[in-house]
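This report concerns only the one structure given below.
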Amino acid sequence: MTRALLEVSGLKKSYGGIAALRDGRFRLEAGSVHALCGGNGAGKSTFLGIVMGIRQRDGGTIARNGVEVAFDTPSDALAAGISIIEQELNPVPAMTVAENIFLGREPLARFGRVDFRQMNASAQALLDGLHFSIRADTVMMELTVAELQLVEIAKALSYDAEVIFMDEPTSALGEAEADQLFAAIRLLKERGKGVVYVSHRLSEIFGIADSYTVFRDGQFIDSGKIADVTREDLIQMIVGRPLAEEFVKENRTEPTAILSVRNLNAERGVSDVSFDLRKGEILALYGLMGSGRSEIFERLFGLSPDLGGEIRLEGRPITLGSPRQAISHGLAFVTEDRKGSGLVLSADVRANICMASLDEMSSGPVMRSRREAQAAGRMIEMFGIKTASDRLEVSGLSGGNQQKVVLGKWFLTTPRVLLLDEPTRGVDVGAKREIYRIMSDFASAGGAVIMVSSEIDEVLGMADRAIVMREGRIAGEIDRRDLSAEKLVHLAA
Amino acid sequence: MLASHAQKYGILIALIVACIFLTFANEYFLTGRNILNVLRQTSINGILAIGMTFVILTRGIDLSVGSIVALAGVVSASLATTSSAAMVAGGPYPVAIAFGAGLAVGMACGAVSGFVVARFNVPAFVATLGMLSAARGLTLIYAGGKPVPNLTDAYRWIGTADLAGIPMPVVAFAVIFLAATWVLTSTRFGRHVYAAGGNPHAAKVSGINVPRIRLLVYVISGGMAGFAGMMLAARTGSALTQAGIAYELDAIAAVVIGGTSLAGGIGRVTGTVIGALLIGVMNNGLDLMGVESYYQQVIKGGLIVAAVMLDQARHKQA
């Protein structure tokens, strides 16, 4: 057995008498990528928090290179060579790459002046050494999300980090960018670093990780080599019961078109897009980041200006100039950024569910609170939203339950066409399946779904048809019979 | 649970504690006359703070209310003065016209700020800072730098009369409080305000016309400021060009002390009113105890910061 960079055992933590972590065990070896798996509420975040010195443990041991350690603050952990690349990065956007890397420890010249020349040179050397094609004097806000992550990796290494945690690093990346990240992870591995990879995306775990550890309900479940388990095994460990199938798909496409789009243009160079969406159909829009998938959604939902083209709903031409118009025509849009544009986090479950149906929930200008309560109750039951009361703030719910609140909000508007942008992002395996069931049921009941997804498995599992976008135009269309990962990637690139 | 209640009602508890303390510290505090006095003194700031609550709920701020107090005051007073120097031709007009004009001026100022914020995405701080200066300048231009004295009796009645022993400004404050609470908790517009402040993107995607809501909250705040300006003029019998200077600070203080988040989407009118009362009781109590007004400002400053610190601690815990 090789050297253990980090060894954790019996880690315990409770909040107000409720155990978030009962027995956290973890062993990270040098030169390996270790996947930390578990559903929402499995205890991963608590585990990360303790190892990073953000939270204090109630019990258990953490050993770094065989020596027992305790971290009171994140800087203690950093000093011990443990670094984290968080899901949401927090760079100083108006500063350069070099300034961000050396934030708080700028090299000084005489009279306390910051030595920018040396700082830029060191940063550039660091980036070049990692084969990242980023210039050290670029301002952070000009970088893509993937590049920001690479800068974070460089920053971690500049602290001589040996253990690098990555929390859902691909959640905001397209495939090409994710590949860039994976290349960087392999490089870290070659250099003998240990990478802890936290992700809900199983294909990535099987692509990049050497070993795995599964937590469930705060409990250590199992760990071992990725080569020794199947995808089904891993899902079963994460969910705690065998999943009959990962995907649920019972809908049937009917020949009549609900939504017909002809020669549609949209922002950022999307042009001449034409397609029909049929009743009962789940249509996938596939493409790389920036290929125009999201722009089409924004145009269809009236969030971006009309740049030409024709949209027909059941044969009748319609204009979609505002979300309000789109909603009145029976469209619903589940955005990719749940916290940014899906929910009002400070508001309660009821207010969020009713938010797109306030006209129906009121008589004249006055809200009818009984109607609101009934509607919220109906949606909570329909989607099995786990919340003690509909008056609790949504910020306290898990990612999967939050996503169901967003779905509840839109189903309350009784839509006919669902636009789903990355509907299962940041949602655990169990909740994913429920969302697939909701999609399938909706299509079966005569609705139609357009789905944007970066997860190829999801497209293969759920779509009746895929339209592949490339540089703002339709590059091709693939029917379910012929759908394969190779074809999608080939058309998209 | 107990702890969360203590935080939720922390300001109310602070108000009650302050009242109990003052009751024992000064025998005059808990007399009917003094209580009415406190309420009357609080009413102007309270009305401004209620308007301010709408604005802050949408992540905005309205620095111009103090200047609007003066502008609406002089415009309205010029229609209701018996002094020929300041009178508008054909005046004095009936009090309804004078009041309508003042209210319209206040709402128009709010509409301009709101339009600049909502349409051009100018930060509220900047837009209303501009209005703070412009409205004060317009006041001085309109009134020629002089006060507008000698208001008609009918006009003065609105600021000085009693309704079953309760001063008119207090009655107005109470009515506005109830109306604003109802609007924010029970109407569709109220939901729109909370949604637009809590997460403007989500509100927009949900079909809410966010720019319209942002415009309207400044119109409300401006209208409240106009109304407060006329109350002030009616009470004192003349409209002063330097009326309302720095009133925006007390109004913002009352909102913040009352627990409304400057980040938007969280807050209640009840909290604001309690905040305004706390400031009023504190000023009154310190007066009664013979503390100089200079010291009062320092204490008020500490109170504002302490209230926000409490609020931050609560968020950290959640």
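Of all residues in the stretch A:351-410 being among the charged types (D, E, K, R) and assigned to a helix (DSSP H, G or I), which is farthest from the other protein chains (Cβ to nearest Cβ)?
Of everything passing the filter in the stretch A:351-410, A:Glu381 is farthest from the other protein chains (Cβ to nearest Cβ).
Could you say whether any residue in the stretch A:392-402 is of a type in the set (D, E, K, R), under 26 Å from A:Gln325 (Cβ atoms) and over 16 Å from the mean Cα position of the chain (by Cα)?
no
How many residues are of a type in the set (A, V, I, L, M), more than 22 Å from A:Asp217 (Cβ to Cβ) and modelled with pLDDT under 85 if we restrict to the stretch A:377-435?
Matching residues across the stretch A:377-435 total 0.
For the stretch A:97-134, give me the residue count where each residue is surrounded by 15 or more Cβ atoms within 10 Å (Cβ to Cβ) and closer than 16 Å to A:Gln180 by Cβ.
So the count comes out to 5.
Output yes when any residue across the stretch A:144-162 is touching a helix residue (DSSP H, G or I) at 6+ places or on another chain (Cβ under 9 Å) and over 28 Å from A:Asp76 (Cα atoms), and no when none is.
Taking every residue of the stretch A:144-162 in turn, at least one turns out to be touching a helix residue (DSSP H, G or I) at 6+ places or on another chain (Cβ under 9 Å) and over 28 Å from A:Asp76 (Cα atoms).
Of the residues A:Leu460, A:Leu419, only one is in a strand (DSSP E or B) and either open to solvent by 40 Å² or more (accessible area, probe 1.4 Å) or within 20 Å of A:Gly340 (Cβ to Cβ) (or both); which?
Being in a strand (DSSP E or B) and either open to solvent by 40 Å² or more (accessible area, probe 1.4 Å) or within 20 Å of A:Gly340 (Cβ to Cβ) (or both) holds for just one of A:Leu460, A:Leu419, which is A:Leu419.
Answer yes or no as to whether A:Met361 is closer than 21 Å to A:Arg433 by Cα, in contact (Cβ under 8 Å) with a residue 12 or more places away in the chain and not charged (D, E, K, R).
no
Check the stretch A:280-297 and report whether any residue there is within 14 Å of another protein chain (Cβ to nearest Cβ) and at negative phi.
yes
If you go through the stretch B:276-297 one residue at a time, do you hit one that is surrounded by fewer than 16 Cβ atoms within 10 Å (Cβ to Cβ) and either among the β-branched types (Val, Ile, Thr) or under 13 Å from B:Ala70 (Cα atoms) (or both)?
Yes - at least one qualifying residue is present in the stretch B:276-297.
Just to be sure I understand the filter: pairs with C-beta atoms under 6 Å, separated by 6 or more residues or on different chains, first member in the stretch A:88-101 and under 13 Å from A:Glu142 (Cβ atoms), second member open to solvent by 70 Å² or more (accessible area, probe 1.4 Å). Which pairs pass?
Short answer, once both residue conditions are applied: A:Pro93/A:Met141; A:Thr96/A:Asp137.
Among the numbered criteria (1) modelled with pLDDT of 95 or more; (2) open to solvent by 10 Å² or more (accessible area, probe 1.4 Å); (3) part of a loop (DSSP other than H, G, I, E, B), which one does B:Tyr93 miss?
(1)
Please determine, by comparing only the residues of the stretch A:23-79 that are assigned to a strand (DSSP E or B), of a type in the set (A, V, I, L, M) and surrounded by fewer than 21 Cβ atoms within 10 Å (Cβ to Cβ), which one is nearest to the chain's Cα centre (by Cα).
Top of the filtered list is A:Ala63.
Quick one: B:Gly145 ticks every box in (1) over 18 Å from B:Ala85 (Cα atoms); (2) surrounded by fewer than 16 Cβ atoms within 10 Å (Cβ to Cβ); (3) at pLDDT below 95 bar one, so which box is it?
Unmet for B:Gly145, out of (1) over 18 Å from B:Ala85 (Cα atoms); (2) surrounded by fewer than 16 Cβ atoms within 10 Å (Cβ to Cβ); (3) at pLDDT below 95: (1).
May I ask you to list pairs of residues, at least six apart or on different chains, whose Cβ atoms are under 6 Å apart, with the first in the stretch A:474-493 being within 22 Å of A:Arg252 (Cβ to Cβ) and among the aromatic types (Phe, Trp, Tyr) and the second being open to solvent by less than 70 Å² (accessible area, probe 1.4 Å) and modelled with pLDDT of 80 or more?
That search, which allows pairs on different chains as well, returns nothing.
Of the residues that sit in the stretch A:163-181 and are open to solvent by 10 Å² or more (accessible area, probe 1.4 Å) and closer than 17 Å to A:Leu36 by Cβ, which one is nearest to the chain's Cα centre (by Cα)?
A:Ser171
So which residues in the stretch B:252-267 are open to solvent by 10 Å² or more (accessible area, probe 1.4 Å), away from chain A (no Cβ under 13 Å) and more than 12 Å from the chain's Cα centre (by Cα), if there are any at all?
B:Val256, B:Gly258 - these are the residues of the stretch B:252-267 that are open to solvent by 10 Å² or more (accessible area, probe 1.4 Å), away from chain A (no Cβ under 13 Å) and more than 12 Å from the chain's Cα centre (by Cα).
Does any residue in the stretch A:330-356 that is farther than 24 Å from A:Ile258 by Cβ come within less than 7 Å, Cβ to Cβ, of a residue that is open to solvent by less than 10 Å² (accessible area, probe 1.4 Å) and among the aromatic types (Phe, Trp, Tyr) six or more places away or on a different chain, and which pairs are these?
Listed pairs, sorted by first residue: none to list.
Identify, from the list B:Thr128, B:Thr81, the residue that is of a type in the set (S, T, N, Q) and under 23 Å from B:Ser238 (Cβ atoms).
When all the criteria are applied, what remains is B:Thr81.
Out of everything in the stretch A:276-299 that is open to solvent by 10 Å² or more (accessible area, probe 1.4 Å) and not basic (Lys, Arg), what residue ends up being nearest to A:Ile478 (Cα to Cα)?
By that ranking, first place goes to A:Asp276.
For the stretch A:300-320, name all the residues that are open to solvent by less than 60 Å² (accessible area, probe 1.4 Å) and more than 11 Å from chain B (Cβ to nearest Cβ).
A:Leu300, A:Ser304, A:Gly308, A:Gly309, A:Ile311, A:Leu313, A:Gly315, A:Ile318, A:Leu320
Which of the residues that make up the stretch B:170-214 are more than 14 Å from chain A (Cβ to nearest Cβ), in contact (Cβ under 8 Å) with a residue 40 or more places away in the chain and more than 26 Å from A:Arg368 (Cβ to Cβ)?
Selection gives B:Val170, B:Ala172, B:Phe173.
Scan the stretch B:80-90 and give yes if some residue there is surrounded by fewer than 24 Cβ atoms within 10 Å (Cβ to Cβ), over 28 Å from B:Arg156 (Cβ atoms) and of a type outside the set (Asp, Glu), otherwise no.
No - not one qualifying residue is present in the stretch B:80-90.
Please go through (1) within 28 Å of the chain's Cα centre (by Cα); (2) open to solvent by 40 Å² or more (accessible area, probe 1.4 Å); (3) among the acidic types (Asp, Glu) for A:Asp272 and return the number of the only condition it doesn't satisfy.
(1)
Identify, please: which residue in the stretch A:351-372 is small (Gly, Ala, Ser) and more than 25 Å from the chain's Cα centre (by Cα) and is, among those, most open to solvent (accessible area, probe 1.4 Å)?
A:Ser369
Restricting to the stretch B:78-96, name every residue that is in contact with a Gly (Cβ under 9 Å, 6 or more places away or on another chain) and β-branched (Val, Ile, Thr).
Within the stretch B:78-96, B:Thr81, B:Thr82 meet the criteria.
Name every residue in the stretch A:321-350 that is more than 20 Å from B:Ala263 (Cβ to Cβ), open to solvent by 30 Å² or more (accessible area, probe 1.4 Å) and either of a type outside the set (Asp, Glu) or within 7 Å of chain B (Cβ to nearest Cβ) (or both), in order of residue number.
Selection gives A:Gly321, A:Ser322, A:Arg324, A:Gln325, A:Ser328, A:His329, A:Arg350.
Kindly establish whether B:Ala77 is of a type outside the set (Val, Ile, Thr), touching a strand residue (DSSP E or B) at 6+ places or on another chain (Cβ under 7 Å) and more than 30 Å from B:Val193 (Cα to Cα).
Yes; evaluated as a whole, the condition is true for this residue.
Taking the condition in contact (Cβ under 8 Å) with a residue 40 or more places away in the chain and open to solvent by less than 70 Å² (accessible area, probe 1.4 Å), does A:Ala375 pass?
Here the answer is no, as A:Ala375 does not meet what is asked.
The values are calculated or read from the model by the stated rules, or taken from the named source; none is laboratory data. Because the structure is a prediction, the values reported are computed rather than measured. So basically every Cβ, Gly included, is an ideal-geometry build from the backbone, and we count neighbours across all protein chains shown. To get the accessible areas, we keep the full protein, side chains included, count just its heavy atoms, and leave off ligands, DNA and RNA. Shrake-Rupley method; radii C 1.70, N 1.55, O 1.52, S 1.80 Å.
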